[in-house]
Each structure stands twice: as structure tokens, then as C-alpha cells.
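A short worksheet on the structure shown next.
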Amino acid sequence: MDEEPPSATKRGSDRGSTRERILDVALNLLNERGPERMTTAQVAAAAQINEGNLYYYFRTKQALVLAIFERFDRDVDELLMVWTDTNVPAAYLELLRKWFATVWRYRFLFRDLLGLLATSPELEKRINATSVRLREPVESIVETMHVAGLLEIPEVERQPLLGNVWIVATYWVIYLHVQNGVREFDETHLQWGLRQVLSLFRPYLIEEVRAWLDGVT
């Protein structure tokens, strides 16, 4: 008996899985080599397709980068969606670790930010929109920690703290790359960035939480 042609649903599923596989390998290559050294030929080879098929999904390298940023944006939204107000210090530490893991997964976006913005103006608009969207929940988290009695911070010092937390938590990859000459990142660098953010909170934490934090980091 002749094989039946694949259904529209099956064809759509295949297209979706191929697209996601392309994004997976492109993300790995961008993290490993950076956008300047990654080529569409390398992406196609790693995804085990020919370049013609790659262009069916993404006609340019910039289109690939924008699609990966959309993934990053969705991951950030999912991270914030599971957040609930709590007075358990471990929950805040876990949230911070998940944020750092997300930055780590998409580290090329931060490490190579200046070069990306120069070649993709549309990306700059999207990054700015994501940054604006994140400010409110970050402020809410600090306020919740204050109300829960986990930290004591004067009102006048909250905005400077929030600004510093955002800078360090987001751009620690760039700092290590530019200031320390780090080219190959590993788990120790992720932990370094996490400790830098925790050091910003430490002076404001109540004694019990500070002692707990010292014991788990």
C-alpha cells in the first residue's frame, strides 16, 4: 500500500521542530563564537540541514538573533509569572539564581551587546522594552522583602539600590569580558555575578537573613 502523504498538522509540526532546532544550535554557536564569527553555513551544518532550508526559516543572521531574543523575552516572562510574594529568603535567592541562569543561557546577548546594537537597531528597541517591563516587578520584589522584614532599607536608598542591582545582574557578563578579558565563560563566572548582586543587598539584610545567606553561598 502506498504511503499516505503527511497531514498539514504533521508538516506544521515538522516545520516547528526544525525551526526550534535551528534556534537551539544558533544559540549555542552565538554563545561559543559570538555573532561576528558565527555564519549561517555553520548554523545549517550544526542543524543538519542545507543553507537553502535555513533561509526558508531565517533569511539573515539578524533574523536569527531577533528570534532568539524573542525566546529570551518569553523565558523572562515565565520566570516572573511563577514569582509569588513570600517571606522565605530562599525563594528570593532561587529567583535570583534563575535570573542569572537565564542571562547565562543567552549570554551572547549581553557579552556582545554593543556589536549587536550596531548591526540591529530593532534589537535595541526590544531590549529597551524588556528593560522597562522588568523594572516594576524588581521594585515590587524589593518592596515585598522590606514589608516582610527581610531587609531594612531607607526610602531614599531604594532607587539607587534598584539601579545598581539591575546594572550588575544584567551586565556582569560585559564587565568580565571587557574589564577582566574573560573570553570563555563557565559556572564560576555565573557564581561570581550572583555574589556581586548579593553583596549589594547584604548591608540591608536583617542579621538572621545575613547569617543564613553566609551559610548557603
Pairwise label distance in nanometres, residue 202 with residue 77, each label 7 Å out on the Cα-Cβ vector:
3.7
Exposed GluC sites (Glu not before Pro) absent - longest run of the chain, DSSP non-H/G/I/E/B, at most 14 other C-beta within 10 Å:
37-151
Label-point separation (nm) for residue 157 and residue 55, each offset 7 Å from Cα along Cα-to-Cβ?
5.9
Compute the length gained on full extension between residue 126 and residue 28: take 0.36 nm times their separation in residues and subtract their Cα-Cα distance, giving the result in nm to one decimal.
33.1 nm
State the extension gain, in nm to one decimal, for the chain segment bounded by residue 146 and residue 20, taking 0.36 nm per residue of separation less the distance between their alpha-carbons.
41.2 nm
Taking 0.36 nm per residue of separation and subtracting the Cα-Cα distance, what length does fully extending residue 46 through residue 178 add?
44.6 nm
Using only the alpha carbons of the chain, what is the convex hull's orientation-averaged projected area in square nanometres?
15.8
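Taking the Cα centre of the chain as origin, work out the dipole magnitude from +1 charges on Lys and Arg Cβ and -1 charges on Asp and Glu Cβ, in debye rounded to 20.
Details: 25 positive and 31 negative charges, 134 e Å.
It comes to approximately 640 debye.
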Can you give the helix-only mean residue ellipticity at 222 nm for the chain, where every DSSP H stretch with n ≥ 4 adds -39500 (n - 2.57) and the sum goes over all residues, rounded to the nearest 500 deg cm²/dmol?
-25500 deg cm²/dmol
Loop sites only, by DSSP: take the trypsin sites (Lys or Arg not before Pro) in the chain that have at most 16 other C-beta atoms within 10 Å and name the longest stretch containing none of them.
60-182
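What fraction, in whole percent, of alpha-carbon pairs in the range 69-115 exceed 13 Å separation?
Values: 656 of 1081 pairs.
Summing the P(r) tail past 13 Å for the range 69-115 gives 61 percent.
Throughout, read-outs are computed from the coordinates displayed, never taken from laboratory work. Being a predicted model, the structure only gives us computed values, none of them experimental. Because the Cβ atoms are built from the backbone with ideal geometry, glycine has one as well, and the counts that use them run over all protein chains shown.
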